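Below: one structure, written as structure tokens.
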Amino acid sequence: MKVLLAIQGDYIAPRFDLTTEVVIAVVNNGRLQGEPSTLLLSGASGEELCGLIVKEDISTLICGGIEESQYEYLVWKKLKVIDMVVGPCEQALQFYLEGGLEPGTILPGAADRKTK
Amino acid sequence: MDILRRIDFQRAIDTIQHGIAVLDSDLRILALNRYLEALSGFSAEAVQGIYFDYVIRSNLSQKTNGLRNVFEKDDPFVVEGDIIDHRRKKLPVRFTFSSLVDQSARQLGVMVIIEDISFLHNLDSKIHGKSVFEGLIGHSPQMQKVFDLLPVIARTEATALITGETGTGKDLVAEAIHNASPRAGQPFIKVNCGALPETLLESELFGHCRGAFTGADKDKPGMFRLANGGTIFLTEIGDLSLPLQVKLLTVLDDKAFFPLGGTKKVRVDVRVITATHRDLRELVGLKKFREDLFYRLNVLRLHLPPLREREGDIRLLIDYFLNKFNASMKRNIKGFDQASLGLLLEYAYPGNARELSNIVEYAVTVCQADRIGIDQLPAYLLTAGPRQVGRSLFNGKSGESAGSAEIVRAAVGAGLEQQEGWNEVEKRMIIEALVETRGKRAQAAKILGWGRSTLWRKLKQHGLA
């Protein structure tokens, strides 16, 4: 199954609707299959990203803040949505594979980001 | 001057009814006030040292071309934008950034004030002819009674109880009451009392102190504390365990409580709104709900009528949802053909407005023409028949079985005893599903559209376990 992470640089993007970069990973029985691929989007749009998620047959979305209407839509489309995640995307994927990622998780590396 | 140095800064900012964040020069969080903790859903302690926007989830980086540019602007710098709060609501806000400098004017950090300006946006909508209770749609006499009561309930501080079948809009009504009350702009915190086991729910509602139980490695504020100054909305209040009912009664009476594992009482100023689809009076009779709490909650009761009893509203809502989903999916579907419209107007909607919303959304998604026909409606509608026992496809908000159908057989109309309460209907549904699956609970749960833990809980409730 496929997992999509909405990212901003090396971190989970704080806003799903403003994301312009995503990572798609294929997972089987809790293990990563191959290298995750990164996709650059042509523009930021929550609606279009929802469309991409459905088209790519994604089963789990890991993201930051997502609006209720988009959240409900994806849940209705039988996706698992793990939102309000804060921290590095690599850690988010690792936690997810280990079964420890929940909505609102603040990852250990969340405070490591430097703006300068 | 000495007094200024001794002031408890955190306590001072906690009293301010706007969001306040203190950031270092890297825009990482040093402190948050209580208001912003409630808005973001994170405690200040948990987000210390984290880059501000990961927690606040604003659209500022889009508006200011990078938050670093904030420092190059005027000081203070004011900009309007929006954030996504912990309820997944997009809130229009006004940000005020001001530098924090030392005695030598050397910049140490930034203070950000975040004001919720959704009231101004609502006022703007009101001026342009919409209603302040937008989101609640209905022209029927039955809904008009509800709309007439809402401002009255909004103006008072009394505990309110909202009853009605699932999907009738209890959540919308609770939020509308809050937004029309003097507490609008303060936190609105929703807790589903049926979603968590008792021990977790107690911690969720009242917080816990470090060491209260295994795994409690830090203090947690709890939803009552996060709602301070605002409103707490407790849904599925009928599912609250008896010990927690006692604790809730104490909070309603004393406006104070002990967090789990705590020795210090916490005082709160919170307006309580509750909701349930259950018959609380019946639960009192079954000794599952305290009579004193029932009378305490029943002071202001608002009952939401089921959709099938709201004359003319089905047609109104069909048009409303069609417009809504046409806009969100960028479609241009003109309407429904006669056959599909007839079916929709005759259907019983055991899942009420939420079910109708999902049906229309489904139809708009699958329709390739400019009018929706019978083939574009969910298949179960064709077998349900008018005003009969029917299966409904609608998504409960619990998310526990993400996206799967919740099957509801409504006790309305021909073929069923009119006096049957929801309790009896639910019990019969469970028994029928278990018979169908020859006792296999996992399969029965799937048929009923519930998670296994929900089925287990309901088996216990109905004495079937």
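The numbers here are math on the coordinates, done by the rules we state, and not lab data. Nothing here was measured: the structure is a model prediction, and the numbers come from that model. Here the Cβ is made from the backbone with ideal geometry for all residues, glycine too, and neighbour counts use every protein chain on show.
Observations
- For B:His178, B:His139, order by how many other beta-carbon atoms lie within 10 Å, fewest first: B:His139, B:His178
- As a ratio to 2.2 N^0.38 Å, the alpha-carbon radius of gyration for segment B:269-333 is 1.76.
- Taking N as its residue count, the alpha carbon Rg of the protein assembly as shown over 2.2 N^0.38 Å: 1.00
- Each other residue within a Cβ distance under 9 Å of B:Gly41 adds +1 if Lys or Arg and -1 if Asp or Glu, for a net charge of -1.
- Histogrammed with a bin width of 5 Å, the alpha carbon distances of segment B:196-254 distribute as 4, 17, 26, 27, 16, 9, 1 percent, first bin at zero.
- Convex hull of Cα atoms in segment A:53-95, direction-averaged projection (nm²): 3.1 nm²
- Neighbour counts of other Cβ atoms within 10 Å put A:Tyr73, B:Tyr320 in the fewest-to-most order B:Tyr320, A:Tyr73.
- Counting only DSSP H runs of at least 4 residues, each contributing -39500 (n - 2.57), and dividing by the residue count of the protein assembly as shown, the helix-based mean residue ellipticity at 222 nm comes to -10000 deg cm²/dmol.
- Within chain A: Cβ-based charge dipole about Cα centre, in debye rounded to nearest 20 (Lys, Arg +1; Asp, Glu -1): 200 debye
- Taking segment B:86-114 and a reference point 7 angstrom along Cα→Cβ of B:Ile7, the backbone N atoms nearer than 19 Å belong to B:96-105, B:108-114.
- The radius of gyration of the Cα set in segment B:251-391, together with its Dmax, comes out at 22.0, 66 angstrom.
- Quick note on chain A: its Rg to Rh ratio, both from C-alpha atoms and Rh being the Kirkwood radius, is 0.93.
- Straight-distance candidates among the aspartates and glutamates for linking to B:Lys460, with alpha-carbon spacing under 13 Å and chain neighbours fewer than 8 residues away dropped: B:Asp239, B:Glu426.
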